[in-house]
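Attaching a single structure in structure tokens format; questions to follow.
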4 protein chains.
Amino acid sequence: MIIIMKHGHTPEQREDVIARVKEEGLDVHLSVGEGTTIIGVIGMPILDSLKSAIESRDAVEQVFRVTKRYKLASREFHPESTVIDVDGVKIGGDEVVIMAGPCSVESEEQLMATAKAVSDGGAKVLRGGAFKPRTSPYEFRGMHEDGLKILAQARDEYGLKIITEVMTPADVELVGRYTDIFQIGARNCQNYQLLEEVGRTGKPAMLKRGMAVQYEEWLLLAEYIMAQGNPNVMLCERGVRGFETYTRNIFDLTAIPVVKHLSHLPIIADPSHGTGHWHLIPAMSLASVAAGADGLIVEVHNDPSHAMSDGAQSLKPERFNELVPQLQQIAAAVGRTLAPVEEAVAAD
Amino acid sequence: MIIIMKHGHTPEQREDVIARVKEEGLDVHLSVGEGTTIIGVIGMPILDSLKSAIESRDAVEQVFRVTKRYKLASREFHPESTVIDVDGVKIGGDEVVIMAGPCSVESEEQLMATAKAVSDGGAKVLRGGAFKPRTSPYEFRGMHEDGLKILAQARDEYGLKIITEVMTPADVELVGRYTDIFQIGARNCQNYQLLEEVGRTGKPAMLKRGMAVQYEEWLLLAEYIMAQGNPNVMLCERGVRGFETYTRNIFDLTAIPVVKHLSHLPIIADPSHGTGHWHLIPAMSLASVAAGADGLIVEVHNDPSHAMSDGAQSLKPERFNELVPQLQQIAAAVGRTLAPVEEAVAAD
Amino acid sequence: MIIIMKHGHTPEQREDVIARVKEEGLDVHLSVGEGTTIIGVIGMPILDSLKSAIESRDAVEQVFRVTKRYKLASREFHPESTVIDVDGVKIGGDEVVIMAGPCSVESEEQLMATAKAVSDGGAKVLRGGAFKPRTSPYEFRGMHEDGLKILAQARDEYGLKIITEVMTPADVELVGRYTDIFQIGARNCQNYQLLEEVGRTGKPAMLKRGMAVQYEEWLLLAEYIMAQGNPNVMLCERGVRGFETYTRNIFDLTAIPVVKHLSHLPIIADPSHGTGHWHLIPAMSLASVAAGADGLIVEVHNDPSHAMSDGAQSLKPERFNELVPQLQQIAAAVGRTLAPVEEAVAAD
Amino acid sequence: MIIIMKHGHTPEQREDVIARVKEEGLDVHLSVGEGTTIIGVIGMPILDSLKSAIESRDAVEQVFRVTKRYKLASREFHPESTVIDVDGVKIGGDEVVIMAGPCSVESEEQLMATAKAVSDGGAKVLRGGAFKPRTSPYEFRGMHEDGLKILAQARDEYGLKIITEVMTPADVELVGRYTDIFQIGARNCQNYQLLEEVGRTGKPAMLKRGMAVQYEEWLLLAEYIMAQGNPNVMLCERGVRGFETYTRNIFDLTAIPVVKHLSHLPIIADPSHGTGHWHLIPAMSLASVAAGADGLIVEVHNDPSHAMSDGAQSLKPERFNELVPQLQQIAAAVGRTLAPVEEAVAAD
């Protein structure tokens, strides 16, 4: 931590700041220049409480942090990339994994039809919400356990892994009985009790970035899960809120190389929420894989025009099927693989 | 809802859209102009699922909603302003109510000293967190029930009402035993189960705006609480996330007259989180009252330099005491009252 | 400037960075801690080019600037607040100055009627655009010199000072012949040649904040004008772009105390552009004065329903007249004055 | 345009709105529903002035525009994609064109070395600023005409086309004597006189997106150039301002498929400004081509550690050379070509 003192501060004020730092058992390194006095604070870790307490003083101009606040999620402390093994499907390795399916589980018929289609198309993981966070209390909120059961049925039938959202700590046990990967949604990414409860299960979790969450904050959220002993965390970029109204969000693809640089955790891209329009999904899926994403999560619905949520950003199965071979070519161009359609069809 | 068809759509595509709308039992009003075909959808309510489903169609250019999605929170449906009675302290009436206190309850000594100071200064409600949402898992997270007990002690001693945060549904019962007003924080404002659990208690709740939440979304969050039968919801503007780095947030004071226009619910301003710097709090407190806020919530700490959170944005008691008489003058200038210091001192 | 080296950098890489800094004639102060190596750079000024050049190196983790980049605009170098004398009207002193008038000058009749109304209401400065920046090339772009002539006529008739926008360096001489204050609009605030041309005139200038301009950048823009020898710069907060769609912009009132803290220049608030809706202007005008604004610039139109621009955010004269007495009370509450209506009427 | 009336408006208010619309020679289509009254306005074009004037009325709830405001730039009115021929280099066709070079022209030696490197690497167009917009007035602002002469020399020597920025209308003639493509920078994209002056030359122009400019506004800016008779406009996505501080901007790659959808104009991606860090440029260049960009503009400097601007976001020639073959593979994967290095070397 580096403390910049205000011009014209008194020696007493400076000593006062130094004394406050030393109360924490930390040492200082004073550098008095012409015009600028800098106090370097040595020792780890620097808590936010101390930083804010120092900033509260009249004589302090500014305080900078020079060490990262996250450790378990940091590539610096863990240089090798994490590969998460979801019961045989590896996320974070050479293969780019496709997760696909409807926004919500709406019925057995709808889910099984979509599951077959995405499995045929090359997806390894089936998405589908049984607990749905909705902007309005008057919308459909999911089939709850009945939806989870239908997901489990699709898993058995098509050999897909399941990813589904959990919204509150009390549901972690129930959802965990059915899902292979917990999804923590953008709106709940700062629901710390939920993060810790998922952390305690040890089961793979996909942590979506909140609409106004910075990279460092996002990695600290992953740290909440990991600190409970669960290293199986993957991140998911799904767009942040911005001033453009044509798209649902600003899909921040630069998050992909940034996360790869700062962290060892896998990162998944969600072009459906990132853009909000089905016609933009193919281009942004290709871009995501080119940028280095370890996986894609794409909304596919057998009948978007009757979807109970997110119809506008759902691909029809035939469009999804056209997209996968293009994704394979992009994956090859960046030295990775993506499940060949043939193999997937064979597995059906 | 108004549907704009794409140029060059076919009559079949148009009929198809109309048929989809009619499936929901809604009626349409077709207007075919030169160049623009518009389908007006008549009847209430229009769900987001239908809007999105219509948008999923190739032939549809754009869909606009023309009715509001919230009702219980809407001034249109409830023209009279709501006044919440917190055991004798009225929020939303003529008086501008001051809520003040530390970010976190840290000890009996700290809280009682601060409670005395803010009570002397004219505050009617004491704030203080016993459950603290923190960006990093390595920070202090509050004293939990011990903190709640200290808050209750301060209430007894100084005749203040209590506002404290609840972070997860499972804690609602516990927190509700001690607090007069539930605080739902910015990070948890889309934690729908929490909103509903607080809704079921019927107890006053202050709902902070999330960092990337639009006005309409905010009112829909209030609607979640109200739909459970709890009309005692006040909103709190505490800044939204923006591109400026000097301040912690962009403090969006325009939210005050906008909420007054769209809704009948009281609105509180939080200049501490809104700005992030103690030296900006006085000006922005005055501005908040001038803009029409029904109350202020201000961080005051007896020793900011040792605060365990938010020291940089906490006022010292003497600064708070200087501020209140100025607030009284602003309140008077906009035709409102604010507890006279004398009276507060007398109550001590 | 403070340079944080990456973990695991080599002594050669460190020496290399130091050598690069010394090339600029600057000295360094090395602090090698456990885990963190910090190079402090001593001496002034640190250019952005050097900062960016240092950041380009593999072994460098991060670079912080510790000195401000602006000087002429800085309160640190010029502690006393600047008061600009616009031919007798003082901006930045005890009095809060009201600037009012239509968005565009549309006709002699429109301008004279509005000028009379705002003069009667207590405004000291008349606003009105003769050169209009418009989002679409198909909109009305102002009356140009004819509009300037009408403004001059209103000045003569009502004793008002004139503020009007200049959009391009080639027009500075022409506009300067008529106006008392140059307005530099949000869209042109980074038009550096325009800033310098206005700087060379020495005439008062009001510099609006751009839609995505940070405080430091804004003060550097003022610096562009001041560096040409023109100290008569006032700033104008008019809202920044954000994610909320109900209002035209996010009106960042915290800019007022921040600018007062960092700079000695006067600051004006523009609630018309800040909010975009006439019904929000009164509350936000009051809030602006309470926050410490040195002036207000408000759109007033004698017939908003026929305005050629910004009708939706223009007050009618009667609403403006109702507002001024309230503003006077707020001004008094914060220890300032605002032209009494009586006096203004008398001057008429 | 669609006008939604407020609940409880009077028939007189409705007639008044209709009368105002008819004043403009436009016709209306009234739809009075239970609870909602909608006035559709028929006829083209609807100016913003009218929209705003209607919104100014008390009885009006909301006004929506249903027709696009740009025409010349619109794909609807011009379905075929525009291919710009820059003296033999085609932009917007099958080939993805690489533009590369330093941020600023600093010296003959620097530019010629970099020009050779990027030409060898496969670039077809050389970038380099002779007039530099800088945040601070104390930074290097370019070599002006001397810089333009060096660019012309590089063109002759390496057969590259030149792109360089023009900042003010008065310089258009001078810059136009040397450059093949005018660059209009993000800060100047709303400098309307500059747009029109460039429009009058008829010469190819690349229009960067401003930091807070929406897609529709961006296309209206292109419309300003095109309305002067210049169809040779390409757009350039270079990131928008957001809340993340790790990167310089939020690089909004979704702009690429959106622009392709709404417009027939070519679109270029600028990963250097989009990210601000050289180490993020390769991934985001690949992503840009995968998303459908018609070209890339990349900062390459022969010695970033001594660059007079943007060193931190400049690639070294060797890194650029490694990147191009990967770009070729991505281009092939999306059915496009990218100049083979061999051919470029041969041309040297």
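Could you give me the residue pairs with C-beta distances under 6 Å whose first residue belongs to the range B:116-143 and is more than 9 Å from every other protein chain (Cβ to nearest Cβ), whose second residue is of a type in the set (Lys, Arg) wherever it lies, and which are 6+ apart or on separate chains?
Matching pairs, first to second residue: B:VAL125/B:LYS161; B:LYS132/B:ARG141; B:GLY142/B:LYS132.
Mind counting the residues in the range B:193-219 that are crowded, with 24+ Cβ neighbours inside 10 Å and touching a Ser or Thr at 6+ places or on another chain (Cβ under 8 Å)?
2
Of everything in the range B:299-316 that's touching a strand residue (DSSP E or B) at 6+ places or on another chain (Cβ under 9 Å) and open to solvent by 10 Å² or more (accessible area, probe 1.4 Å), which residue is farthest from B:GLY122 (Cα to Cα)?
B:MET308
Return the residues of the range D:100-130 that are basic (Lys, Arg) and in a strand (DSSP E or B); say none if nothing qualifies.
D:ARG127
Tell me, which residue of the range D:47-73 that is among the small types (Gly, Ala, Ser) and buried (at least 18 other Cβ atoms within 10 Å of the Cβ) is farthest from D:ASP16 (Cα to Cα)?
Residue satisfying both the conditions and the ranking: D:ALA73.
Would you mind finding the one in D:VAL89, D:VAL21 that is aliphatic (A, V, I, L, M) and farther than 30 Å from C:ARG134 by Cβ?
Residue meeting the stated conditions: D:VAL89.
While we're on this one: Are any residues in the range A:220-231 open to solvent by 10 Å² or more (accessible area, probe 1.4 Å) and either aliphatic (A, V, I, L, M) or touching a residue at least 60 places away in the same chain (Cβ under 8 Å) (or both), and if so, which ones?
A:MET226, A:ALA227, A:PRO231
Do you know which of the residues in the range C:118-144 that are open to solvent by less than 20 Å² (accessible area, probe 1.4 Å) and polar (S, T, N, Q) is modelled with the highest pLDDT?
Restricting to residues being open to solvent by less than 20 Å² (accessible area, probe 1.4 Å) and polar (S, T, N, Q), the top hit is C:SER119.
Also: Between A:ALA269, A:ALA283, A:ALA290, which is open to solvent by 10 Å² or more (accessible area, probe 1.4 Å) and among the aliphatic types (A, V, I, L, M)?
Just a single option satisfies the conditions, and that option is A:ALA283.
Shifting gears a bit: Going through the range C:197-213 one residue at a time, which ones are facing chain D (nearest Cβ under 9 Å) and more than 10 Å from the chain's Cα centre (by Cα)?
Those that are facing chain D (nearest Cβ under 9 Å) and more than 10 Å from the chain's Cα centre (by Cα): C:MET211, C:ALA212, C:VAL213.
Condition first: open to solvent by 10 Å² or more (accessible area, probe 1.4 Å), more than 14 Å from chain B (Cβ to nearest Cβ) and of a type in the set (D, E, K, R). Can you find one or more residues in the range A:232-247 that meet it?
No, the range A:232-247 contains no residue that is open to solvent by 10 Å² or more (accessible area, probe 1.4 Å), more than 14 Å from chain B (Cβ to nearest Cβ) and of a type in the set (D, E, K, R).
Restrict the check to the range C:145-167 and report whether at least one residue is at the interface with another protein chain (Cβ under 9 Å from one of its Cβ atoms), modelled with pLDDT of 95 or more and crowded, with 23+ Cβ neighbours inside 10 Å.
There is at least one residue in the range C:145-167 that is at the interface with another protein chain (Cβ under 9 Å from one of its Cβ atoms), modelled with pLDDT of 95 or more and crowded, with 23+ Cβ neighbours inside 10 Å.
Something else about it: Does D:ASP270 count as within 14 Å of chain C (Cβ to nearest Cβ) and not β-branched (Val, Ile, Thr)?
Judged against the criteria, D:ASP270 is not a match.
Out of the residues in the range A:169-192 that are open to solvent by 40 Å² or more (accessible area, probe 1.4 Å) and farther than 27 Å from A:VAL240 by Cα, which is nearest to the other protein chains (Cβ to nearest Cβ)?
A:ALA170
Sort out for me the strands (runs of 3 or more DSSP E) sitting completely within the range C:45-99 that have 1 or more residues that are under 24 Å from the mean Cα position of the chain (by Cα) and away from chain D (no Cβ under 14 Å).
Result: C:84-86, C:89-91.
Ok, one more. Given the criterion away from every other protein chain (no Cβ under 13 Å) and more than 24 Å from C:ALA130 (Cβ to Cβ), identify the matching residue among C:LEU338, C:LEU286, C:LEU323, C:LEU265.
Going through C:LEU338, C:LEU286, C:LEU323, C:LEU265 in turn, just one is away from every other protein chain (no Cβ under 13 Å) and more than 24 Å from C:ALA130 (Cβ to Cβ): C:LEU265.
Could you please find all residues in the range C:273-283 being facing chain B (nearest Cβ under 9 Å) and under 14 Å from the mean Cα position of the chain (by Cα)?
The one that is facing chain B (nearest Cβ under 9 Å) and under 14 Å from the mean Cα position of the chain (by Cα): C:GLY274.
Another question about this same structure. Looking at A:VAL86, A:VAL105, which one is over 30 Å from B:LYS68 (Cα atoms), among the β-branched types (Val, Ile, Thr), buried (at least 18 other Cβ atoms within 10 Å of the Cβ) and touching a residue at least 12 places away in the same chain (Cβ under 8 Å)?
The unique qualifying residue is A:VAL86.
Return only the number of the condition from (1) touching a Lys or Arg at 6+ places or on another chain (Cβ under 7 Å); (2) open to solvent by less than 20 Å² (accessible area, probe 1.4 Å) that D:ILE39 does not satisfy.
If we test D:ILE39 against (1) touching a Lys or Arg at 6+ places or on another chain (Cβ under 7 Å); (2) open to solvent by less than 20 Å² (accessible area, probe 1.4 Å), just (1) comes out false.
Among the residues in the range C:14-23, are any farther than 21 Å from D:GLY276 by Cβ, more than 8 Å from chain D (Cβ to nearest Cβ) and modelled with pLDDT under 90?
Looking for residues that are farther than 21 Å from D:GLY276 by Cβ, more than 8 Å from chain D (Cβ to nearest Cβ) and modelled with pLDDT under 90, one finds none in the range C:14-23, hence no.
Let me ask something else. Filter the range D:289-320 down to the residues that are in contact with a Leu (Cβ under 6 Å, 6 or more places away or on another chain) and within 14 Å of chain C (Cβ to nearest Cβ) and list them by number.
D:VAL300, the sole residue that qualifies.
Mind checking whether some residue in the range C:20-32 is assigned to a helix (DSSP H, G or I) and surrounded by fewer than 17 Cβ atoms within 10 Å (Cβ to Cβ)?
Checking the range C:20-32: at least one residue is assigned to a helix (DSSP H, G or I) and surrounded by fewer than 17 Cβ atoms within 10 Å (Cβ to Cβ).
Here's the yes/no breakdown for (1) open to solvent by 10 Å² or more (accessible area, probe 1.4 Å); (2) more than 19 Å from B:ILE162 (Cα to Cα):
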{"site": "B:LEU253", "(1), (2)": "no, yes"}
{"site": "B:VAL258", "(1), (2)": "no, yes"}
{"site": "B:GLY274", "(1), (2)": "no, yes"}
{"site": "B:ILE297", "(1), (2)": "no, no"}
{"site": "B:GLU318", "(1), (2)": "yes, yes"}
{"site": "B:ASN321", "(1), (2)": "yes, yes"}
{"site": "B:ALA331", "(1), (2)": "no, yes"}
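Something else: For the range C:248-262, which positions are of a type outside the set (Phe, Trp, Tyr) and either assigned to a helix (DSSP H, G or I) or at the interface with another protein chain (Cβ under 7 Å from one of its Cβ atoms) (or both)?
C:ILE250, C:ASP252, C:LEU253, C:THR254, C:ALA255, C:ILE256, C:PRO257, C:VAL258, C:VAL259, C:LYS260, C:HIS261, C:LEU262
Need pairs with beta-carbon distance below 8 Å; first residue free of Cβ contacts under 8 Å to residues at least 12 places away in the same chain and among the charged types (D, E, K, R) and within the range B:35-60, second open to solvent by less than 30 Å² (accessible area, probe 1.4 Å) and in a strand (DSSP E or B); sequence gap 6+ or separate chains.
Final answer for the pair search is B:GLU55/B:VAL63.
The values are calculated or read from the model by the stated rules, or taken from the named source; none is laboratory data. The shown structure was predicted, so the numbers you read here are calculated from the model rather than taken from an experiment. A quick note on method: Cβ atoms are made from the backbone with ideal geometry, for glycine too, and the neighbour counts reach across all protein chains shown. Areas reflect the complete protein model, heavy atoms only, side chains present, ligands, DNA and RNA absent. Shrake-Rupley method; radii C 1.70, N 1.55, O 1.52, S 1.80 Å.
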